[in-house]
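Undergrad: Have a look at this one.
The values are calculated or read from the model by the stated rules, or taken from the named source; none is laboratory data. Everything quoted here is computed from the prediction, not taken from an experiment. When we count neighbours, we look across all protein chains shown, and the Cβ atoms used for this are built from the backbone with ideal geometry, even at glycine.
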């Protein structure tokens, strides 16, 4: 096991829809050591968008995917308040969870070329480096809202993964900007009947 997930209950109503940079900066104000590893990932938050605000569901959680060596640094976030734009979030106690193998994984955004064929060449090379074999579905091209840099790529589904390959992909991630929620693979609803 080379990575772990740490999740916090989230207490708050909403945050700006373009939250990824703001959230990362707020986390670093409390736990600056997180910036020492490009492997620290923030799993994207989900919720309805209302006039530029992401509305947080009642059971919302902030989940970080971390190298084991970063766990103590991340635990300092427990019970802290984060100021994200005009929104304030209070974090509950951090709870660890071992990463489990799933045969189907999904990443909301993997940073890469805007040409789908070039993107898939990049993905194939990354999987070859990990010695992972699976089937792939390339999703839509989109950009991450950020005022700092242009971040774009495709969503990606991997299916028919063997358990050890699933863990390898989840531990390694793919591409850059893990701290902004990119290249992090999470379980996806089962896809059947795909040829």
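Undergrad: Could you check region 79-88 and list, in sequence order, the residues that are surrounded by 15 or more Cβ atoms within 10 Å (Cβ to Cβ) and modelled with pLDDT of 95 or more?
TA: Of everything in region 79-88, those that are surrounded by 15 or more Cβ atoms within 10 Å (Cβ to Cβ) and modelled with pLDDT of 95 or more turn out to be 80, 82.
Undergrad: Would you check which residues across region 50-78 are in a loop (DSSP other than H, G, I, E, B) and surrounded by 14 or more Cβ atoms within 10 Å (Cβ to Cβ) and list them?
TA: Scanning region 50-78 gives 56, 60, 76, 77, 78.
Undergrad: Yes or no: residue 138 without any contact (Cβ under 8 Å) to a residue 60 or more places away in the chain, in contact with a helix residue (DSSP H, G or I) (Cβ under 8 Å, 6 or more places away or on another chain) and more than 18 Å from residue 167 (Cα to Cα)?
TA: Numbers: without any contact (Cβ under 8 Å) to a residue 60 or more places away in the chain: yes; in contact with a helix residue (DSSP H, G or I) (Cβ under 8 Å, 6 or more places away or on another chain): yes; more than 18 Å from residue 167 (Cα to Cα): yes.
Criteria met by residue 138.
Undergrad: From (1) within 16 Å of residue 3 (Cβ to Cβ); (2) touching a strand residue (DSSP E or B) at 6+ places or on another chain (Cβ under 8 Å); (3) surrounded by 13 or more Cβ atoms within 10 Å (Cβ to Cβ), pick out the condition that doesn't hold for residue 98.
TA: (3)
Undergrad: Take region 134-151 and flag every residue that is loosely packed, with under 13 Cβ neighbours inside 10 Å and either modelled with pLDDT of 95 or more or more than 16 Å from the chain's Cα centre (by Cα) (or both).
TA: Across region 134-151, the qualifying residues are 140, 147, 148, 149, 150.
Undergrad: So residue 131 fits all but one of (1) loosely packed, with under 13 Cβ neighbours inside 10 Å; (2) closer than 15 Å to residue 173 by Cα; (3) assigned by TED's automatic domain parsing to the domain that holds residue 20; what number is the exception?
TA: (3)
Undergrad: List the number of the failed condition for residue 47; all other conditions in (1) under 24 Å from residue 105 (Cα atoms); (2) not in a loop (DSSP other than H, G, I, E, B) hold.
TA: All conditions pass for residue 47, except number (2).
Undergrad: Follow-up question, since we're still on this one. Hey, can you tell me all the residues within region 25-38 that are within 15 Å of the chain's Cα centre (by Cα) and at pLDDT 95 or above?
TA: 27, 34
Undergrad: Additional query: Looking only at region 60-107, filter to residues that are under 18 Å from the mean Cα position of the chain (by Cα) and free of Cβ contacts under 8 Å to residues at least 60 places away in the same chain; which one of those is farthest from residue 11 (Cα to Cα)?
TA: Of everything passing the filter in region 60-107, 70 is farthest from residue 11 (Cα to Cα).
Undergrad: Can I ask one more? What is the number of the single condition among (1) more than 30 Å from residue 28 (Cα to Cα); (2) assigned to a strand (DSSP E or B) that residue 83 does not meet?
TA: That leaves (1) as the condition not met.
Undergrad: For region 101-121, which positions are crowded, with 18+ Cβ neighbours inside 10 Å and not in a loop (DSSP other than H, G, I, E, B)?
TA: 105, 106, 107, 108, 109, 110, 111, 119
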